[in-house]
Amino acid sequence: MKFTSDWKDYEIIATGGGEKLERWGSVYLLRPDPQAIWRSNFNFKTYKGLNAIYTRSQSGGGAWSGKMPDEWKISYKNLKFVISPTSFKHTGLFPEQAVNWDRVTDVISRSKRESITVLNLFGYTGGATVACASAGATVTHVDASKGMVEVCKRNCKLNKLSETSVRFIVDDCIKFVEREIRRGKKYDAIIMDPPSFGRGANGELWKIEDNLDYLVSKCCEVLSDKPLFFLINSYTTGLQSTVMKNILATNLQKYDIIEAYEIGLPTNEGIVLPAGCSAFATFK
């Protein structure tokens, strides 16, 4: 498992009973976490300083209770992000992805190329986009949600990125890649973080078990002749990192190394909370 211990503005204080107690800057949140099935050491709701609790509804969805700002900002190293909790328990950022931000920025920073183009699919609010652009790459950020793309724009502005460093696209990821193939567009690196299930900007159906291999195969057609990396991340339960590694291996014509690994977050209890899987291909 890979994780980073470099967060200063984020920490997991305690886990258990299907929940995690977190600090986001100066704001303390209690949220459900399906991986934390072990017993909790104390009643998290009694934690001094707890700002808000997310409670699931028996009819689906859920809601926040307590007092917290509508939004605030946190930093990871030199990167800055807007935090804005949603009605779906999310905060607008996945802190476990910092380990992958470090990996892609390291590859970009060590490259001696004058220009590097990155395609970020299912880009959400742009954690990876901000990381790559801050390292000097030009990024095409694609997500079917206009709202998420708008937050990415705000994150880019917060990091003082130039208007030419990121291209923002609201579209279905498969349809976009298919059009890029017809246009002859090429990218030096590809990042994707697909959901288990979703719909595109025009209602296109996405199911990861049905569509991931096809999308990767199409993405291989927009890779440049000398690519840098290909990163897949997933939170889908049951989709092991080796599956994603195999998908990359069977679609890529050439690569140097493909790594498969879990990602997680260290907690103050001295354990690591699992938080998804990744497969990372680098090229000679």
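Quick note: the coordinates plus some simple rules give every number you see, no bench work behind them. On a predicted model such as this, the values are computed, not experimentally measured, just so you know. Cβ: placed from backbone, ideal geometry, glycine included. Neighbour counts: every protein chain shown.
Please give the FRET efficiency for TYR214 paired with THR46, using the beta carbon to beta carbon distance and R0 = 41 Å, rounded to the nearest 0.05. Please list the in-between numbers first.
Details: r = 49 Å, r/R0 = 1.20.
Using R0 = 41 Å, I get an efficiency of 0.25.
Consider all pairwise Cα distances in region 66-108 and report the whole-number % of them above 14 Å.
Details: 508 of 903 pairs.
Pairs farther apart than 14 Å: 56 percent.
I'm spelling it out carefully: the read-out is Cα Rg over 2.2 N^0.38 Å, the candidates are (1) 1.00; (2) 1.06; (3) 1.11, and one was derived from this structure. Which label?
Of the labelled values, this structure produces (1).
Could you point to the residue in THR55, ILE116, GLY276 farthest towards the positive end of the chain's charge dipole, with +1 and -1 charges on the Cβ of Lys/Arg and Asp/Glu respectively?
ILE116
How far apart, in nanometres, would the label points at GLN240 and LEU205 be if each is projected 7 angstrom from Cα along the Cα-to-Cβ direction?
Once both label points are built, they end up 2.8 nm from each other.
Work out the FRET efficiency for SER87 and ASP256 from their Cβ-Cβ distance, taking R0 = 30 Å, and round it to the nearest 0.05.
Computed FRET efficiency for SER87 and ASP256 comes out at 0.10.
So how do 126-134, 71-79, 31-39 stack up, highest first, on mean other-Cβ count within 10 Å?
Those peptides, ordered most packed to least, come out 126-134, 71-79, 31-39.
Distance between Cα centroids, region 32-73 to region 196-223: provide it in whole Å.
If we compute the Cα centre of each part, the gap is 32 Å.
Which one of GLY264, THR138, ALA189 is farthest out on the positive end of the charge dipole of the chain, using unit charges on Cβ (Lys, Arg +1; Asp, Glu -1) and the Cα centre as origin?
With unit charges placed on the Cβ atoms, the residue in question is THR138.
Taking H as built 1.01 Å from N, whose amide H comes closer than 5 Å to the amide H of ASP172, not counting residues under 5 places away?
ALA201, ASN202
Just add up the charged neighbours of PHE122: K/R +1, D/E -1, any other residue whose Cβ is under 9 Å from the Cβ of PHE122. Could the numbers behind the result be given before it?
Numbers: positive: none; negative: ASP143, ASP193.
Value of the local net charge: -2.
How much net charge surrounds LEU21 when only other residues with a Cβ under 13 Å from its Cβ are counted (Lys, Arg +1; Asp, Glu -1)? If you can, show how the numbers build up before the last one.
On the way: positive: LYS20, ARG23, ARG31, LYS45, LYS48; negative: GLU11, GLU19, GLU22, ASP33, GLU269.
Around LEU21, the surrounding residues sum to 0.
Considering every pair of different Cα atoms, what Kirkwood radius, in Å, is found for region 1-142? Could the numbers behind the result be given before it?
On the way: mean 1/r = 0.0598 Å⁻¹.
Kirkwood hydrodynamic radius for region 1-142: 16.7 Å.
Past 29 Å, Cα to Cα: identify those pairs from LYS8/LYS153; LYS157/LYS207; LYS73/LYS186; LYS20/LYS73; LYS218/LYS284; LYS8/LYS48, in the order given.
Listed pairs above 29 Å: LYS157/LYS207; LYS73/LYS186.
Considering the dipole of region 95-282 built from charges on the beta carbon (Lys and Arg +1, Asp and Glu -1) around the Cα centre, which of ILE208, LEU161, GLN253 is farthest to its positive end?
LEU161
Taking the mean number of other Cβ atoms within 10 Å as a proxy for protection, how do you rank 42-50, 229-237, 266-274 from highest to lowest?
Final packing ranking: 229-237, 266-274, 42-50.
What net charge do the residues around PHE280 carry, taking every other residue with its C-beta under 12 Å from that of PHE280, with Lys and Arg at +1 and Asp and Glu at -1? Write out the running numbers ahead of the final one.
Numbers: positive: LYS2, ARG103, LYS245; negative: ASP102, ASP106, ASP256, GLU259.
For residues surrounding PHE280, the net value is -1.
Which length gain, in nm to one decimal place, applies between GLU269 and SER26 when the Cα-Cα distance is subtracted from 0.36 nm times their residue separation?
Once the chain is fully extended between GLU269 and SER26, it gains 85.5 nm.
Could you give the size of the charge dipole of the chain about its Cα centre, using +1 on the Cβ of each K and R and -1 on the Cβ of each D and E, expressed in debye and rounded to the nearest 20?
Working: 37 positive and 31 negative charges, 112 e Å.
The dipole magnitude comes to about 540 debye.
Can you give the log10 of the normalised intensity I(q)/I(0) at q = 0.11, 0.17, 0.20, 0.23 Å⁻¹, computed with Debye over equal Cα scatterers of region 10-83?
Summing over Cα pairs of region 10-83 leads to -0.30, -0.70, -0.92, -1.12.
Would you work out if region 194-284 is rounded, prolate or oblate? Take a ≥ b ≥ c from the square roots of the eigenvalues of the alpha-carbon gyration tensor; rounded if a/c is under 1.5, else prolate when a/b is larger than b/c, oblate otherwise.
Verdict is oblate for region 194-284.
Report the antiparallel proportion of the DSSP beta bridges in the chain as a percent, rounded to a multiple of 5.
Values: 40 of 63 bridges.
Just about 65 percent of them are antiparallel.
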